[in-house]
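Only one structure is covered here, and it is reproduced in the block below.
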Amino acid sequence: NRTLAQMAAKPPPAVKTHEFWGTQPVPQEGAELKEEGPIESKVLADVRQDPYPLATPLEWCSPNIEDPAQLTEVYELLRDNYVEDDDSLFRFNYSKEFLAWAMTPPGYFRDWMVGVRRKADSKLLGFISGVPCNIKMGNISQRICEINFLCVHKVLRNKRLAPILIKEVTRRVNKQNIWQAVYTAGVELPKPFATCQYFHRSLNPQKLVEINFSKIGHQFERFSKPLDAMKRNYALPARQLPRLRPMTREDTEGVTKLLQAHWQTYRVAPAFDVEEAGHWLLPRERVVYSFVIADAVTQEITDFVSFYALSSTVIGNTKHSELNAAYGYYYAATKVPLTALITEALIIAKEKGFDVFNVLTLMQNQAFLKELKFGQGDGFLRFYFYNWNFSALKPEELGLVML
């Protein structure tokens, strides 16, 4: 299967210098890990008070994600300039609703939405976002920053704007007395604490072949109609968990309790409180889908599964303009098998018009990949901490899903 942008990164050379990251408080290649914890210690008095300087034609801004016009600006910048796969067949197309959800969790700071405009016409040419999050890192839980959506307009590529955006958002985060961050990249930087591979479950085989996301497998070529055989192979059963239902606001406390217990099994995982769980998990059409099973007598939430929606623009295809992808999100299974929960999620995703269901090899995902006919992708997603030394994890020790 072909993969998208972050998924399609090829392994870098064995030795590589990093002009920017070599100067930052991140674990460096070859450095000995003495203990887990901060790499550098600072106090508020150490934080630069003024924004970093920009080239004269440019100026800083903080887009208001809750303003429809400014949200549209961020959406259009990402839609037209965000990451593509290596063959330029697909480009992520986060919806406006998704971006609003991703960037406005409880307690978010508008100041952490960092943009660069061209003074002449106020056009948005660069962007990076940070949001506060509570993360379990080993034996401690800490409030840190989650960085995402780093994007520079194509007209400014190779102008070294990305490092300035990273430094500026770091400065603004530090002003809130927060000194650590978590982020992901398809490429290898200094130095990931976890590396996960993408797997894909076909829901609409014909469309995936037509847009060159998938190819007809060799095992189907012996049939007179290979594509029909492929469709039969990926057909899903009828729903088998009749008590699985959409999550409601009344379920939030029970879901939070269930997930908090589940997350203790991982070395790195979220540490949501009830308010955060409500924001991140309550269903939003075409954004996030969450389902629960409650005990028939006590009404205690015993099982939970969720996925989110992230489409991609299909570039240069005359028949299809969009790839509708569902991505596995958080789950916890205590009364039904995890494979049964994920099967239901696949069925629901297909019913809702998704073409493919993507997961990483984190959490317990490797337990169901073969049985549920997920195909191995050719891309990887690497997880990083900023200003935090942390020993390397196996994928199954990671319980954190990044959007």
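The values are calculated or read from the model by the stated rules, or taken from the named source; none is laboratory data. Model, not experiment: these values are computed from the prediction. For neighbour counting, all protein chains shown are included, and Cβ atoms are generated from backbone atoms with ideal geometry for every residue, glycine included. What goes into the accessible areas is simple: the full protein's heavy atoms, side chains included, and nothing from ligands, DNA or RNA. Shrake-Rupley method; radii C 1.70, N 1.55, O 1.52, S 1.80 Å.
What to note about this one:
- 5 angstrom amide H check on TYR330, placed H, neighbours 5+ away: SER306
- Within the stretch 28-60, backbone nitrogen closer than 20 Å to the virtual label 7 Å beyond the Cα of ASP80 toward Cβ: 57-60
- Counting Lys and Arg as +1 and Asp and Glu as -1 over every other residue whose Cβ lies under 12 Å from the Cβ of ASN233, the net charge comes to +3.
- Short-range pairs are left out: with C-alpha atoms under 8 Å and at least six residues apart, the relative contact order of the stretch 92-214 is 19 percent.
- From helices alone, the chain scores -6000 deg cm²/dmol at 222 nm; the rule is -39500 (n - 2.57) for each run of n ≥ 4 DSSP H residues, then divide by the residue total.
- Our estimate of slack between GLU29 and ASN139, defined as 0.36 nm per intervening residue step minus the Cα-Cα distance, is 37.2 nm.
- Our summary gives the stretch 296-398 a relative contact order of 24 percent, counting only alpha carbon pairs under 8 angstrom and 6 or more residues apart.
- The equivalent ellipsoid that matches the C-alpha gyration tensor of the stretch 200-247 spans semi-axes of 27, 14, 7 angstrom, in descending order.
- Projected area averaged over orientations for the chain, convex hull of C-alpha atoms, nm²: 21.2 nm²
- Taking all Cα pairs closer than 8 Å and separated by 6 or more residues, the relative contact order of the chain comes to 25 percent.
- Using a simple spin-label model with pseudo-atoms 7 Å out from Cα toward Cβ, THR17 and ARG171 lie 2.7 nm apart.
- Trypsin sites (Lys or Arg not before Pro) restricted to the stretch 267-326 and DSSP loop, no more than 16 other C-beta within 10 Å: ARG286, LYS319
- Rounded to the nearest 10 degrees, the angle from helix 68-81 to the longest Cα principal axis of the chain is 80 degrees.
- Computed over the alpha-carbon pairs of the stretch 57-121, the distance histogram in 10 Å steps reads 19, 47, 28, 6 percent, short to long.
- Note, ³J(HN,Hα) from phi for the stretch 280-290, Karplus 6.51, -1.76, 1.60, rounded to Hz, x at Gly and Pro: 7, 10, 4, x, 9, 4, 6, 10, 9, 10, 9
- Between ASN233 and GLU40, the modelled labels are 5.2 nm apart [label points 7 Å from Cα along Cα→Cβ].
- With protein chains left intact and a 1.4 Å probe, residues in the chain average 45 Å² of accessible area per residue.
- If you wrap the stretch 173-328 in the convex hull of its Cα atoms and look at it from every side, the mean projected area works out to 14.4 nm².
- For the stretch 216-291, the alpha carbon positions stretch 55, 30, 23 Å along the principal axes, listed from largest to smallest.
- Looking at the stretch 16-169 alone, DSSP beta bridges between its own residues are antiparallel in about 100 percent of cases.
- The VAL274 and ARG222 beta-carbon pair, evaluated with R₀ = 60 Å, returns a calculated FRET efficiency of approximately 0.65.
- Spatially proximal aspartates and glutamates relative to LYS350 (Cα-Cα < 17 Å; intrachain offsets below 8 disregarded): GLU285, GLU322
- For the chain, size of Cβ-based charge dipole, Lys and Arg +1, Asp and Glu -1, in debye: 820 debye
- Among residues other than LYS335 with Cβ under 11 Å from its Cβ, the summed charge is -2 (Lys and Arg +1, Asp and Glu -1).
- Qualifying aspartates and glutamates (Cα of each under 18 Å from Cα of LYS136; at least 8 residues distant if same chain): GLU35, GLU36, GLU146, ASP273, GLU275, GLU276, GLU396, GLU397
- Crossing angle, helix 252-263 versus the chain [Cα axis fit, 0-90 degrees, rounded to tens]: 80 degrees
- Extension gain from GLU397 to SER95, taking 0.36 nm per residue of separation minus the Cα-Cα distance: 105.7 nm
- The angle between the Cα long axis of helix 338-351 and the main principal axis of the chain comes to about 90°, on a 0 to 90 degree scale.
- Converting phi to 3J(HN,Hα) with the Karplus coefficients 6.51, -1.76 and 1.60 and the offset θ = phi - 60°, the stretch 27-44 yields x, 9, 4, x, 6, 7, 7, 7, 7, 6, x, x, 8, 10, 10, 10, 10, 4 Hz in sequence order, with x at every glycine or proline.
- Rotationally averaged projected area of the stretch 310-403 (alpha carbon convex hull; nm²): 8.2 nm²
- Across the chain, the longest run free of exposed loop sites, meaning chymotrypsin sites (Phe, Trp or Tyr not before Pro) lying outside DSSP classes H, G, I, E and B with no more than 15 other Cβ atoms within 10 Å, spans 21-222.
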